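Participant: Quick one: this structure, given as structure tokens, is what I'll be asking you about.
The values are calculated or read from the model by the stated rules, or taken from the named source; none is laboratory data. None of the values given here were measured: they were computed from a predicted structure. Every residue, glycine among them, receives a Cβ derived from its backbone with ideal geometry; neighbour counts consider all protein chains shown. What goes into the accessible areas is simple: the full protein's heavy atoms, side chains included, and nothing from ligands, DNA or RNA. Shrake-Rupley method; radii C 1.70, N 1.55, O 1.52, S 1.80 Å.
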Amino acid sequence: LLKELSISDAKRIEDPGLIALAAGCPDLENLTLSGLENMTKKGFKALADSLGKMQKLCLMNNRKLMDNDYNALLDSPIIQNLTHISIQNFQQLTDKGIAIILQSVGSIAPSKIYSLSFSECTQLTDYTSMILAYFCPLIRCIDYTDCGRFTDETLHTFSQKLHYLTTLKLDGNRQITTNTLIRYLGNEFEFVEMSNTYLGY
């Protein structure tokens, strides 16, 4: 039984391929797909409906999935066992889509979600951080690399709400100031490991 699958540069994998993958590999626990430029709601829903044993899901590079398409996650089998979710460089993903994703996950098993990555999702704002803190208060690892729009307000939210955070990646978010970051390091962020490339950014 196939439990782990990683495909890079999957530009030619469209909805029919994703539907076949979901139907043929229901025991997958770890899935990484990059280059999903042409995945739409139909392919995404197939994954959500069929992969009930999924623990680590990483989907990268999409330009077609819209915020409302994430409703496929509501009460879907795929969220039952997820511990790691990585959605990277999804061009149309906004705070609204994040709200749907995190509501879906948080309503079922908020304590299971260990790691969330939304790197290179450039439309996200500090509101995403508020949603994340509300639905996933026990989160350990967050990756916001190269999102660009997060500000010090995200640090304020996390310092007050996320007491189990151990890893925070903020590279590429130039509106987050060094002074504010230093203020929280060693205090509210006592156990947080930051990136070494740019003082936590």
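Participant: Evaluate the relative contact order of the chain (contact order divided by residue number), counting alpha-carbon pairs under 8 angstrom at least 6 apart; express in whole percent.
Facilitator: 13
Participant: Among Ala133, Asn38, Gln91, pick out the residue whose Cα is farthest towards the positive end of the charge dipole of segment 1-153, where Lys and Arg carry +1 and Asp and Glu carry -1 on C-beta, about the Cα centre.
Facilitator: Projecting each Cα onto the dipole axis, the largest value belongs to Asn38.
Participant: Now, a different point. For His84, His163, give the ranking by accessible area with the largest first, probe 1.4 Å.
Facilitator: His163, His84
Participant: With the radius of gyration and the Kirkwood radius both derived from the Cα set of segment 111-171, what is their ratio Rg to Rh?
Facilitator: 0.92
Participant: Let me ask you something else. Work out, in µm²/s and without decimals, the Stokes-Einstein translational diffusion coefficient of segment 19-114 at 20 °C, 1.002 mPa s, Rh from Kirkwood over C-alpha pairs.
Facilitator: In µm²/s, the coefficient is 163.
Participant: Report, in degrees rounded to the nearest 10, the 0 to 90 angle that the Cα long axis of helix 15-24 makes with the longest principal axis of the chain.
Facilitator: So the inclination is approximately 80 degrees.
Participant: Quick check: the distance between the Cα centres of segment 138-179 and segment 1-79, to the nearest angstrom?
Facilitator: That distance is 27 Å.
Participant: Next up: How large is ³J(HN,Hα) for each residue in segment 45-58, as worked out from phi by the Karplus curve 6.51 cos²θ - 1.76 cosθ + 1.60 (θ = phi - 60°), to whole Hz, x for Gly and Pro?
Facilitator: Each residue's phi maps through the Karplus curve to give 5, 4, 5, 5, 7, 10, 9, x, 9, 4, 10, 10, 10, 10 Hz.
Participant: Moving on to the next point. Treating only the Cβ of Lys, Arg, Asp and Glu as charged (+1, +1, -1, -1), what charge dipole size does the chain show about its Cα centre? Round to the nearest 20 debye.
Facilitator: In total the dipole reaches around 220 debye.
Participant: Another question, then. I need the Debye-formula profile for the chain: one equal scatterer per C-alpha, no solvent, reported as log10 I(q)/I(0) at q = 0.16 1/Å, two decimals.
Facilitator: -0.99
Participant: Charges at C-beta only: +1 for Lys and Arg, -1 for Asp and Glu. How large is the resulting dipole of segment 126-166 about its Cα centre, in Debye rounded to 20?
Facilitator: Here segment 126-166 has a charge dipole of around 180 debye.
Participant: To continue, here is another question. Provide the per residue accessible area, probe 1.4 Å, for segment 66-113, rounded to a whole number of square angstrom.
Facilitator: Per-residue accessible area for segment 66-113 comes out at 38 Å².
Participant: Now, a different point. Using only helices, what value at 222 nm comes out for the chain when you add -39,500 (n - 2.57) per DSSP H run of length 4 or more and divide by the total residues, to the nearest 500 deg cm²/dmol?
Facilitator: Here the helix-only value at 222 nm equals -9000 deg cm²/dmol.
Participant: Mind jotting down a quarter of the surface of the convex hull over the alpha carbons of segment 64-108, in square nanometres, one decimal?
Facilitator: Spelled out: convex hull of the Cα atoms, projected over all directions, averaged, 3.1 nm².
Participant: How large is the accessible surface of Ser76 in square angstrom, using a 1.4 angstrom probe and rounding to the nearest 10?
Facilitator: Solvent-accessible area, nearest 10 Å²: 0 Å².
Participant: Let me ask something else about it. Please report, as a whole percent, how much of the solvent-accessible surface of the chain comes from carbon and sulfur atoms (probe radius 1.4 Å).
Facilitator: Carbon-and-sulfur percentage of accessible area, whole number: 49.
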